[in-house]
Amino acid sequence: MIKIMVVEDDRNVAELISLYLRKEGFETKEVYNGREAVELFPAYAPFLVLLDLMLPGMDGYKVCEEIRKTSLVPIIMLTAKGETFDKVRGLELGADDYIVKPFEPSELVARVKAVLRRYEQKDKSTGQVIDLPNLHIDPVKHIVIYHGSELELPPKEFELLHYLALHPGRPFSRDDLLTVCWGYDFPGDTRTVDVHVMRIREKLNKDDPWSLKTVWGVGYKIEVPQ
């Protein structure tokens, strides 16, 4: 059975979410404290986390950051905050979707199923190991070897680099990369892609025959000489 961790300090909201998810055949575990969620996460090993932002003990941003240190599990943030800044911050920390309260339970269930489908498809389509000069990417082991040393990349930086390297020479728009790596129709702001690309470039600071290029008016690509 697919397990979902519901991290929400309002017990009534948590119980309502669990009720609808269980009707759809999911198993749920309700957690009402951010620090407790981080502590329980490894043992419970959920397939997906529904994460409120305003939590006692540790806020949702920090919980997301802590989970992302060890896991690529899908995370959907739940919050009363709807400003673009909050959405960008959540996505940059590795959230996969963002739902603003109040929401319809049926919409929440649909978003959960959509994110799980995307992850299933991603697992099937992006398991390919990539080898370029001085660069080895293994998405199954989540390892990047760069100039003989392991390179530490957060999950979304890893996904961006792997996806671009999987299609050398092909330019992708920022919207394309958001859809592939976040699976999220982000409303009118692609800054999060630019920020992640900037951070990747800072770590790929040696001379290589390939390069992470900006395609003006389009987006980004990995350029590999023929």
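For the reader, a short list of remarks on this structure follows.
Rundown of residues vs (1) crowded, with 17+ Cβ neighbours inside 10 Å; (2) closer than 15 Å to residue 95 by Cβ; (3) modelled with pLDDT of 95 or more, yes/no style:
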| position | (1), (2), (3) |
| --- | --- |
| 32 | yes, no, yes |
| 37 | yes, yes, yes |
| 40 | no, no, no |
| 45 | no, no, no |
| 48 | yes, yes, no |
| 59 | no, yes, no |
| 65 | no, yes, no |
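- Annotation: of all residues in segment 103-129 being part of a loop (DSSP other than H, G, I, E, B) and modelled with pLDDT of 85 or more, the one that is surrounded by the fewest Cβ atoms within 10 Å (Cβ to Cβ) is 104.
- Residues in segment 196-215 that are open to solvent by 80 Å² or more (accessible area, probe 1.4 Å) and either in contact with a strand residue (DSSP E or B) (Cβ under 8 Å, 6 or more places away or on another chain) or basic (Lys, Arg) (or both): 199, 201, 206, 213.
- Entry remark, segment 163-188: residues being at pLDDT below 80, surrounded by 15 or more Cβ atoms within 10 Å (Cβ to Cβ) and assigned to a loop (DSSP other than H, G, I, E, B) number 4 in total.
- Remark: pairs (first residue in segment 2-28, in contact (Cβ under 8 Å) with a residue 12 or more places away in the chain and polar (S, T, N, Q); second residue open to solvent by less than 20 Å² (accessible area, probe 1.4 Å) and assigned to a helix (DSSP H, G or I); Cβ separation under 9 Å; 6+ apart in sequence or on different chains) = 28/14; 28/17; 28/18; 28/21.
- Checking every residue in segment 18-25 against the condition of being part of a helix (DSSP H, G or I) and either of a type in the set (Phe, Trp, Tyr) or touching a His at 6+ places or on another chain (Cβ under 9 Å) (or both) gives at least one match.
- Looking only at segment 1-28, residues that are of a type in the set (Lys, Arg) and either open to solvent by less than 70 Å² (accessible area, probe 1.4 Å) or within 21 Å of the chain's Cα centre (by Cα) (or both) come to 1 in all.
The values are calculated or read from the model by the stated rules, or taken from the named source; none is laboratory data. Since the model is a prediction, treat every value here as computed from it, not as a measurement. Every residue, glycine as well, gets a Cβ built from its backbone with ideal geometry; the counts of neighbours run over all protein chains shown. Surface areas here come from the heavy atoms of the whole protein model, side chains and all, with no ligands, DNA or RNA. Shrake-Rupley method; radii C 1.70, N 1.55, O 1.52, S 1.80 Å.
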